[in-house]
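Okay, so here's the structure we're looking at.
Readers should treat all values here as calculations from the given coordinates under stated rules, not as data from a laboratory. Since the structure is predicted, the reported quantities are computational estimates derived from the model, not experimental observations. So basically every Cβ, Gly included, is an ideal-geometry build from the backbone, and we count neighbours across all protein chains shown.
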Amino acid sequence: MKVIQLFLPLQIAQVQFVTAFPAQESLLSRLDTVLNKLSKALNGQRINPKVSSHNAPAEIPRSLIIAQNTFVQVALNRIEMRLSPPEHVSGSVDASVKYFGDVLKGLFGEMLTVAPRADWVGAVLTVQYPTRHAKTAIQAVHPAFKKLLTIPDPGDNLSAFHFMYGVRHGDHFKHITVQGYHTSEFQADIKPGEVVNIPLEQATIKEVGLQLLLDVNNKPSPTKQGTSEEFMKVLSALQDYARTAPNELGLDIILNQ
């Protein structure tokens, strides 16, 4: 009997790192030189959005760095970093995690050292399983719906599915989200500086599949080390979670792992 492989091998799409700390009004001036160096090293563009009021919420970004496969956002009380792994490592959890760790200790190391000590840090890993057996995101996630829930299957009438749960494990909170995803592409002749509104119906769906969002943070931990050290511990926990989560959910069968 031939077994149909519903999903292709996993791809690591990106990781999002967050470090949160008490609001610091002087943070941007403290980080200015470091952010300029980081932007140059990434061959990126640094943008400082205009914030109209000194009383604006601390969460509003004060500085951004936009580069290929990398995004950094600095607010007065948190720093967010998003990374996509190079194509040659994106098919491996272990290789992607090693790459993320190297970037944390290397490119982001000085920024994390100068930034305030974290109250907590967290990381969200986006793991995608493309499929050729579906045309939409909801069709792609339908096998997970049938595996995870015992309610009657609505079949082709299923119109939305978003499954999430979390647990505390030692010094970490762990959350997992199961959902469908799709990527689209547009074709348009756009001149530099031109703003164009492209209707969604003109987009071509490039890929659909099942997506796992694996979230680990150290909010429960009563004692914490430096920010970089805590990130490495969270990243290690995330690596283990990426290996075990599909099996814990019983999704390993449909994912052919």
Going by alpha carbons, how many degrees (0 to 90, nearest 10) lie between the helix axis of 27-41 and the longest principal axis of the chain? 60
Relative to the present Cα-Cα distance, how much length would full extension add between Arg132 and His169 at 0.36 nm per residue of separation? 9.8 nm
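Taking 25 Å as R0, compute the FRET efficiency from the Cβ-Cβ separation of Glu185 and Asn256 and round it to 0.05.
Values: r = 27 Å, r/R0 = 1.09.
Plugging the Cβ-Cβ distance into 1/(1 + (r/R0)^6) gives 0.40.
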Given Ser52, Leu76, Gln16, which one lies farthest toward the positive end of the charge dipole of the chain, if we put +1 on the Cβ of every Lys and Arg and -1 on the Cβ of every Asp and Glu? Leu76
Using only the alpha-carbon atoms, how far is helix 137-148 inclined from the longest principal axis of the chain? Give it as 0 to 90 degrees, nearest 10. 80
Taking R0 as 25 Å and r as the Cβ-Cβ distance between Arg82 and Asp156, the FRET efficiency 1/(1 + (r/R0)^6), rounded to the nearest 0.05, comes to 0.10
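Provide Thr136, Thr126, Thr204, Thr131 in ascending order of the number of other Cβ atoms located within 10 Å of each residue's Cβ, fewest first. It would help to have the intermediate numbers written out before the result.
Working: Thr136 12, Thr126 18, Thr204 9, Thr131 22.
Arranged by neighbour count, lowest to highest, Thr136, Thr126, Thr204, Thr131 become Thr204, Thr136, Thr126, Thr131.
For Val97, what charge total do you get from the other residues with a beta carbon under 11 Å from its beta carbon, if Lys and Arg give +1 and Asp and Glu give -1?
Numbers: positive: Lys98, Arg243; negative: Asp94, Asp102, Asp240.
The answer is -1.
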Counting other beta carbons within 10 Å of each Cβ, put Ser39, Ser29 in order, fewest first. Ser29, Ser39
Let me have the 222 nm mean residue ellipticity of the chain computed from DSSP H runs of 4+ only, each contributing -39500 (n - 2.57), with the sum over all residues rounded to the nearest 500. -8500 deg cm²/dmol
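Based on the Kirkwood radius over alpha-carbon pairs, what is the Stokes-Einstein translational diffusion coefficient of the range 78-141 at 37 °C with 0.692 mPa s viscosity, in µm²/s? Before the final figure, lay out the partial values.
Details: Rh = 14.4 Å.
My calculation gives 228 µm²/s for D.
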Within the chain: Cβ-based charge dipole about Cα centre, in debye rounded to nearest 20 (Lys, Arg +1; Asp, Glu -1): 280
With angles folded into 0 to 90 degrees, how steeply does helix 93-105 sit against the dominant principal axis of the chain? Use alpha carbons for both and round to 10. 10
Per GNM of the chain with C-alpha springs under 10 angstrom, the most fluctuating residue out of Ala144, Ala23, Ala242 is Ala23
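So for Ser52, Ser63, Ser221, fewest C-beta neighbours within 10 Å to most, what's the order?
On the way: Ser52 7, Ser63 20, Ser221 17.
Ranking Ser52, Ser63, Ser221 by Cβ neighbours within 10 Å, fewest first, gives Ser52, Ser221, Ser63.
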For the chain, Rg(Cα) over 2.2 N^0.38 Å is 1.12
